[in-house]
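Report on the structure given below.
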Amino acid sequence: MKNNLTSLNEDNLIANVILLLENGRSAVVTQTNSIMTLTYFEIGKYIVEFEQQGKNRAEYSKKILKNLSEKLTQKFGKGFSVDNLERMRRVYKKLQNSATVLRNSDKVLSWSHYLLLSRIDNELERNFYEIEAHQQRWSVRELERQFNSSLYERLVLSKNKENILALSKEGQIIEKPEDLIKEPYILEFLGLEEKSEFAETELESAIIAKIEKFMMELGKGFLFESRQKRITFDEDHYYIDLVLYNRILKCFVLIDLKIGKLKHQDLGQMQMYVNYYDRFVKMEDENPTIGIVLCKDKSNALVEITLPKDNNQIFAAKYLLYLPDKEELKRQIENM
């Protein structure tokens, strides 16, 4: 959209914004979300560019927004308060290099998504959440939940340094088993108290009751198959807590739940489950089975000495029943 601002004339600013809104509203019937989001983004652009012209323009900002708000409210009604215009300006300033705004109009999120994204100061982190929100079709509530659960920081801490930058350019890429793993998994949505006593069956039942949210926490490409899956050999029965399938990696994913500290026997048991699935369940065109032991606590040294050096099928990861300390995770990233 061409910018016709050629002077510091405030009437030009008002006229341009009015024209912008009239053009936007004419297409609102068929493209409500995208058109209005792009329109608000353009309003923010006009305001920022107007303020940047000439010296001492910033000191007149409040007066300009007040006058603009009054004119727009008279013509279009509610929705153009000074606070809302300031939000439009903030969104443009933060997301003017956005991966989805303007350049890819078919990928535009809702305005509420961009308002939330504009509150994220770290550009790499902000780009990551923008890409993931589009790719995963997150609602605003889910985007907020993923941000509050520090998904970006958890993925950064789970990756090699050379792979971190890719998060802000492409989002989470799933190419190999370890790409599925986060540290820790956040299960605050289960509503279980951290200090209360509960059995593994209660943890499993809480997950099943919130299976959709649990699948979103696991990440991309997961499909649920069964709980307490029975496998039998030598007339003995064994039960796998959760069996899932990842359509991106084209493999089964087995999950065992542990409410206490991880033991080497837990890893051995998961190895048995994985071996069984690889030999008797998976088809020839499917990839090797992945096993994940979710535990409340673990020793990295124990995991390392128990599993083979070339292991890429068995993983142990901690879970938390509360939202993590985002600042603490950021400090961990700085010390990587």
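The values are calculated or read from the model by the stated rules, or taken from the named source; none is laboratory data. Everything quoted here is computed from the prediction, not taken from an experiment. Heads up, the Cβs are rebuilt from the backbone with ideal geometry, glycines too, and the neighbour counts pull from every protein chain shown.
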Exception for Ser110 within (1) of a type in the set (Gly, Ala, Ser); (2) modelled with pLDDT under 80; (3) closer than 30 Å to Glu142 by Cα falls at (2)
Per-region count, segment 165-197, residues surrounded by 14 or more Cβ atoms within 10 Å (Cβ to Cβ), touching a residue at least 60 places away in the same chain (Cβ under 8 Å) and over 23 Å from Gly291 (Cβ atoms): 2
Among the residues that make up segment 103-124, is at least one of them in a helix (DSSP H, G or I), of a type in the set (Asp, Glu) and either within 13 Å of the chain's Cα centre (by Cα) or closer than 30 Å to Gln228 by Cβ (or both)? no
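Among the residues in segment 264-284, are any within 28 Å of the chain's Cα centre (by Cα) and closer than 21 Å to Phe214 by Cα?
No.
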Considering every residue within segment 20-39, establish whether at least one is crowded, with 21+ Cβ neighbours inside 10 Å, under 23 Å from Gln135 (Cβ atoms) and at pLDDT 80 or above. yes
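State whether the residues of segment 237-253 include one that is in a loop (DSSP other than H, G, I, E, B), in the same structural domain as Phe315 (by TED's automatic domain parsing), modelled with pLDDT under 95 and over 15 Å from the mean Cα position of the chain (by Cα).
no
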Take the conditions crowded, with 21+ Cβ neighbours inside 10 Å, among the hydrophobic types (A, V, I, L, M, F, W, C) and modelled with pLDDT of 90 or more and apply them to Val140. Does it pass? no
For segment 254-291, give me each residue that is touching a residue at least 12 places away in the same chain (Cβ under 8 Å), more than 17 Å from Leu307 (Cβ to Cβ) and of a type in the set (A, V, I, L, M). Leu257, Ile259, Val281
How many of the residues in segment 191-237 are in contact with a helix residue (DSSP H, G or I) (Cβ under 7 Å, 6 or more places away or on another chain) and hydroxyl-bearing (Ser, Thr, Tyr)? 0
In the list Lys282, Lys330, Lys296, Lys326, which residue meets the criterion of being within 25 Å of Asn246 (Cα to Cα) and at pLDDT below 95? Lys296
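So that you can scan it fast, the table gives a plain yes or no per residue for (1) charged (D, E, K, R); (2) modelled with pLDDT of 90 or more; (3) under 24 Å from Ile186 (Cα atoms):
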{"residue": "Lys93", "(1), (2), (3)": "yes, yes, no"}
{"residue": "Glu125", "(1), (2), (3)": "yes, yes, yes"}
{"residue": "Arg145", "(1), (2), (3)": "yes, yes, yes"}
{"residue": "Ser158", "(1), (2), (3)": "no, no, yes"}
Candidate set from segment 319-336 (those that are within 29 Å of Ala206 (Cα to Cα) and free of Cβ contacts under 8 Å to residues at least 60 places away in the same chain); member that is surrounded by the most Cβ atoms within 10 Å (Cβ to Cβ): Asp325
What's the number of the condition Ile333 fails, among (1) under 23 Å from the mean Cα position of the chain (by Cα); (2) in a loop (DSSP other than H, G, I, E, B)? (2)
Output the residues belonging to segment 61-79 that are in a loop (DSSP other than H, G, I, E, B) and under 16 Å from Ile47 (Cβ atoms). Gly79
Might you check whether a residue that is under 28 Å from Thr201 (Cα atoms), touching a residue at least 60 places away in the same chain (Cβ under 8 Å) and β-branched (Val, Ile, Thr) occurs anywhere in segment 292-300? yes
Quick one: in segment 302-318, which of the residues that are in a strand (DSSP E or B) and out of contact with any Pro (no Cβ under 6 Å at 6 or more places or on another chain) is surrounded by the most Cβ atoms within 10 Å (Cβ to Cβ)? Ala316
Only residues that are surrounded by 13 or more Cβ atoms within 10 Å (Cβ to Cβ) and of a type in the set (Asp, Glu): list them for segment 198-213, please. Glu200, Glu202, Glu204
Given the condition closer than 22 Å to Leu155 by Cα, in contact with a Gly (Cβ under 9 Å, 6 or more places away or on another chain) and in a loop (DSSP other than H, G, I, E, B), answer yes or no: does some residue in segment 262-273 qualify? no
